[in-house]
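Please read through the structure below; I'll follow up with questions.
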Amino acid sequence: MQEQKQAPNRRPDIRGKRFLILRLNNMSLTKLNLNNRFTNSFKADTETANRPRQVESAYSWVTPKSFDNPGMVAFSSSTADLLGLDPTPDDSELVQQLAGQQLPPAMQPYSMNYGGHQFGNWAAQLGDGRAINLGEITSDKGDHWALQLKGAGPTPYSRGADGYAVLRSSIREFLCSEAMFHLGVPTTRALSLVTSGEQVVRDMLYDGHPAPEPGAVVCRVAPTFIRFGHFQLPASRQDEALLKQFADFTLTNFFPEFGEPSKTAYGQMFGEVCRLTAEMVVHWERVGFVHGVMNTDNMSILGLTIDYGPYGWLDNYDPEWTPNTTDAQNRRYRFGNQADIALWNLAQLGNALYSLIDDAAPLEAGLESYRRQYQQLSQRMMADKLGLRTVDDNDNELFGELLDLLGAVETDMTLFYRRLADIDIVMLTDEKGQDYQLMERLADCYYTPDEIPEAIVLQTIEWLRRYGQRLVAENADESARRNLMNRTNPKYLPRNYLAQQVIDEAEQGNYAPLQELFEVIRNPYDDQPEFDHYSEKRPDWARQRVGCSMLSCSS
Ligand code: AMP
Ligand code: MG
C-alpha cells in the first residue's frame, strides 16, 4: 500500500504535467476571476435545506445535483471567448463543471428569488426553479458576466417540479440564444450544452403520456439575470428595503450613467429599461421571432431576450401566430401582440418601482417614451428591411400594405425579403416590364403559389411598382439598397423544423446535424451556398408537427 502511494512522486508524470499546462490555458472554470457581486450585495436565505418553500431573501445557496456521467454536446467558442476560456473544450473537468460538479471552491452556487405575472395573473414567488447560478466574474477584458446552469437540479424555488431540463428544450435554448446573438438581437448567451446522463420524465403535450427523455444542462451567460419579477416580488411583500436594494444594485452596476441612487435616478433607469425593451421587441419583429411566454419573470431588466421555452420563428408571416400550445386559446403572446405585452409588462415593473419614487409622472413618462420609441424604431426597421435610406410617416402606408399582403396568403417572411432584395430597381420600375416576371421572382416565397387569388396578385404587383417608385424618389443606389436589406433580413434562422430535425438526431446520439446548424446560424446574413438547403421554407410535413409548429411549456 505504502509503495503504491509513493510511486507517482518518484517518477515524474509527464502526462500529468501536460495536463497542468492545458489547465493553465483556461480550460476549466477554475481560473475565472470571480467577483460574486450579487451574493456579496444581498443577504442569503438563512435556511440551507434544499426543499420547496417561500423565501424572503434575494437568493438561496444551492448545490447542483451530482450527475454520474455528463457528456459535452455543444460548446460556443464565441461565448467562451467573452469569458476568457479556451474555445476548444476537451477537458473532462470542464464537462463536469458545466454539469455543476467539481466546481472551484470559491464558486458558491445559488438560485435567485423573484416573482412575476404569468399570462396576466400575479403568480407571487416563482424564482430560479431549475436555474443555479455559478457566480459572477470579471473577464480579462474587464467585462462583467454571470454564469448560470439551467437544468442542474431542484432548488427551493422548484415548487412542484423537478429542477431538470430535457435535451430537446436545451438544444432549442442553446441554438436560439446563439442564433439571436449572431442576428444582432439582444439576448442572454449560451456557453455549453451537456447531457446529464440521466433520464427525465416529461408529458410533452400534457395529454397524459409521460415518457423518459435524456436530461441536459445549458450554461447561460449574461451581464445579469435580474428580471422584472425581481422587483415585483419585494414590492408585493411591502419589503421596501429589499426593493430598494434591487433598484440600487441594478442602477449602480448596470445604469451608472444616472448617478447615485435617488428618485430621479430610479425614474431615469426605468426610462432606459423602457427604451431597451422597445429595441428588443423591434428586433424580434425584424427577424420574425415569437417569444411565446412573455411573463414578467421572463423579462430581463437589461432588455435581453431570456428564457427560451416554447418560442418559434414565423415561417409564413402571420401576426396571430404563437407556437405555445399552452397559450393557443387566448394567444396573449402571439407575434403581433408582443409590443403591447412588453408595454403591459413595463407597467407592472413601473408599479413595483412606484413606492421608491412616490411619483407616477416619471413612470408614465417612461411608458410614453416606450410607445414613441417603439413607433420610431419599428418605422426605421421596416425602412431597413426594404433598403430605404430615408423614412417618414408617409411611408407607413407602404409598410402597412406590405404586411397586409404578406398575411393575406401564406408567404414565407424570411424568404420574401431576401428575394425582394434580388429584384433590382430597374425591374421594379420598368413601365413595359412583365408583371408576370415580377411574381415569378417571388414565387418560392409562397407556400401555395398556384392558389394565390388574382386580386392579391394584382395588389402585390401594384405594391412592387410603388415600392420601386419610392426607391427612385430617394435616388436609391442599387448596391447600397441591397446591402442594407441583406444585413437587416437574415437568410438563415434555426427555423422550427430545422431545430426539430437536429433534436430528432441528437436524441439518437448523433450530434453532427446540431453542430452543422450551429455553424450555419453563426453567419445568418451571408450567402453560404453549401448550406442553401437551410434557407428553404418549411416543408409540408412540418406544418402541423409537434416541435415544429406546436410547443408546450413542458421542457
Ligand atoms: P418559465 O415560464 O418556463 O420560465 O418558468 C416559470 C417558472 O417555473 C420559473 O420559476 C421556473 O424556474 C419554473 N420551472 C419551469 N420548469 C421547471 C422545472 N422543470 N423544475 C423546476 N422549476 C421549473
Ligand atoms: Mg422563466
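Which of the residues spanning segment 277-325 are among the acidic types (Asp, Glu) and away from ligand 2 (no atom under 16 Å from the Cβ)?
GLU279, GLU285, ASP315, ASP318, GLU320
Each row is one residue, and each column tells you yes or no for (1) outside the structural domain of ILE423 (by TED's automatic domain parsing); (2) of a type outside the set (Phe, Trp, Tyr); (3) farther than 21 Å from MET413 by Cβ; (4) in contact with a Lys or Arg (Cβ under 7 Å, 6 or more places away or on another chain).
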| residue | (1), (2), (3), (4) |
| --- | --- |
| LEU458 | no, yes, yes, no |
| ARG466 | no, yes, no, no |
| GLU474 | no, yes, yes, yes |
| GLU478 | no, yes, yes, no |
| ARG481 | no, yes, no, no |
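Say whether the condition of being assigned to a helix (DSSP H, G or I), surrounded by fewer than 21 Cβ atoms within 10 Å (Cβ to Cβ) and free of Cβ contacts under 8 Å to residues at least 12 places away in the same chain is met by at least one residue in segment 464-478.
Checking segment 464-478: at least one residue is assigned to a helix (DSSP H, G or I), surrounded by fewer than 21 Cβ atoms within 10 Å (Cβ to Cβ) and free of Cβ contacts under 8 Å to residues at least 12 places away in the same chain.
Against the conditions (1) touching a helix residue (DSSP H, G or I) at 6+ places or on another chain (Cβ under 7 Å); (2) outside any helix (DSSP H, G or I), where does LEU251 fall short? Just the number, please.
LEU251 satisfies all of (1) touching a helix residue (DSSP H, G or I) at 6+ places or on another chain (Cβ under 7 Å); (2) outside any helix (DSSP H, G or I) except (2).
Take segment 125-168 and flag every residue that is away from ligand 2 (no atom under 16 Å from the Cβ), assigned to a strand (DSSP E or B) and not hydroxyl-bearing (Ser, Thr, Tyr).
LEU134, GLY135, GLU136, ILE137, HIS144, TRP145, LEU147
Same structure, new question: ASN351: polar (S, T, N, Q) and surrounded by 15 or more Cβ atoms within 10 Å (Cβ to Cβ), yes or no?
Taking the combined requirement at face value, the residue satisfies it.
Quick one: is MET72 within 16 Å of ligand 1 (Cβ to nearest atom) and touching a strand residue (DSSP E or B) at 6+ places or on another chain (Cβ under 7 Å)?
no
Yes or no, residue by residue, for (1) out of contact with any helix residue (DSSP H, G or I) (no Cβ under 7 Å at 6 or more places or on another chain); (2) among the β-branched types (Val, Ile, Thr); (3) part of a helix (DSSP H, G or I); (4) outside the structural domain of TRP122 (by TED's automatic domain parsing):
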site: GLY303; (1), (2), (3), (4): no, no, no, yes
site: TYR308; (1), (2), (3), (4): no, no, no, yes
site: PRO319; (1), (2), (3), (4): no, no, no, yes
site: ASN337; (1), (2), (3), (4): yes, no, yes, yes
site: ASN345; (1), (2), (3), (4): no, no, yes, yes
site: ALA352; (1), (2), (3), (4): no, no, yes, yes
site: ARG372; (1), (2), (3), (4): yes, no, yes, yes
site: ARG380; (1), (2), (3), (4): yes, no, yes, yes
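Does GLY116 meet the test of being in the same structural domain as SER57 (by TED's automatic domain parsing), buried (at least 17 other Cβ atoms within 10 Å of the Cβ), in a strand (DSSP E or B) and within 13 Å of ligand 2 (Cβ to nearest atom)?
The answer is yes for GLY116.
Go through the residues of segment 164-178 one by one and say whether even a single one is away from ligand 1 (no atom under 16 Å from the Cβ) and within 19 Å of LEU302 (Cβ to Cβ).
yes
When the residues of segment 412-458 are filtered to those that are of a type in the set (D, E, K, R) and not in a helix (DSSP H, G or I), which remaining residue is farthest from ASP477 (Cα to Cα)?
ASP412
Restricting to segment 75-116, name every residue that is more than 16 Å from ligand 1 (Cβ to nearest atom) and polar (S, T, N, Q).
SER76, SER77, SER78, THR79, THR88, SER92, GLN96, GLN97, GLN101, GLN102, GLN108
Sticking with this structure for a sec: For segment 268-296, what are the residues that are over 17 Å from the mean Cα position of the chain (by Cα) and surrounded by fewer than 22 Cβ atoms within 10 Å (Cβ to Cβ)?
GLN268, GLY271, GLU272, ARG275
Next question, about the same structure. Quick check: is even one residue across segment 98-109 within 15 Å of ligand 2 (Cβ to nearest atom) and either in the same structural domain as PHE249 (by TED's automatic domain parsing) or not in a helix (DSSP H, G or I) (or both)?
No, that holds for no residue.
Per-residue answers, yes or no, for (1) modelled with pLDDT of 95 or more; (2) in contact with a Lys or Arg (Cβ under 7 Å, 6 or more places away or on another chain); (3) not assigned by TED's automatic domain parsing to the domain that holds ILE132:
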site: ARG172; (1), (2), (3): yes, no, no
site: CYS176; (1), (2), (3): yes, no, no
site: THR195; (1), (2), (3): yes, no, no
site: LEU205; (1), (2), (3): no, no, no
site: GLU240; (1), (2), (3): yes, no, yes
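Please find, among LEU94, LEU126, the residue that is touching a residue at least 12 places away in the same chain (Cβ under 8 Å), closer than 16 Å to LEU32 by Cα and surrounded by 17 or more Cβ atoms within 10 Å (Cβ to Cβ).
Exactly one of LEU94, LEU126 is touching a residue at least 12 places away in the same chain (Cβ under 8 Å), closer than 16 Å to LEU32 by Cα and surrounded by 17 or more Cβ atoms within 10 Å (Cβ to Cβ), namely LEU94.
Now a separate question. Please determine whether any residue of segment 126-138 is near ligand 1 (Cβ under 9 Å from one of its atoms) and farther than 28 Å from ASN496 by Cβ.
yes
Considering only residues that are over 24 Å from GLY71 (Cα atoms) and among the polar types (S, T, N, Q), which ones fall in segment 511-555?
ASN523, GLN528, SER535, GLN544, SER549, SER552
A follow-up question, please. Quick one: how many residues across segment 254-270 are in a helix (DSSP H, G or I) and free of Cβ contacts under 8 Å to residues at least 40 places away in the same chain?
5
If you check ARG545 against the conditions, is it among the basic types (Lys, Arg) and more than 24 Å from ARG202 (Cα to Cα)?
no
Name the one entry in LEU147, LEU134 that is touching a Pro at 6+ places or on another chain (Cβ under 9 Å) and in the same structural domain as GLY215 (by TED's automatic domain parsing).
On inspection, the qualifying residue turns out to be LEU134.
A further question follows. Looking at the structure I just gave you, is VAL185 of a type outside the set (Asp, Glu), surrounded by fewer than 23 Cβ atoms within 10 Å (Cβ to Cβ) and either out of contact with any Lys or Arg (no Cβ under 6 Å at 6 or more places or on another chain) or part of a strand (DSSP E or B) (or both)?
yes
Which residues, taken from segment 42-54, are in contact with a strand residue (DSSP E or B) (Cβ under 7 Å, 6 or more places away or on another chain) and in a loop (DSSP other than H, G, I, E, B)?
Correct list: PHE42, ASP45, THR48, GLN54.
The values are calculated or read from the model by the stated rules, or taken from the named source; none is laboratory data. What you see is a predicted model; the values in this text were computed from it and never measured. FYI the Cβ positions are ideal-geometry reconstructions off the backbone, even for glycines, and counts take in every protein chain you see.
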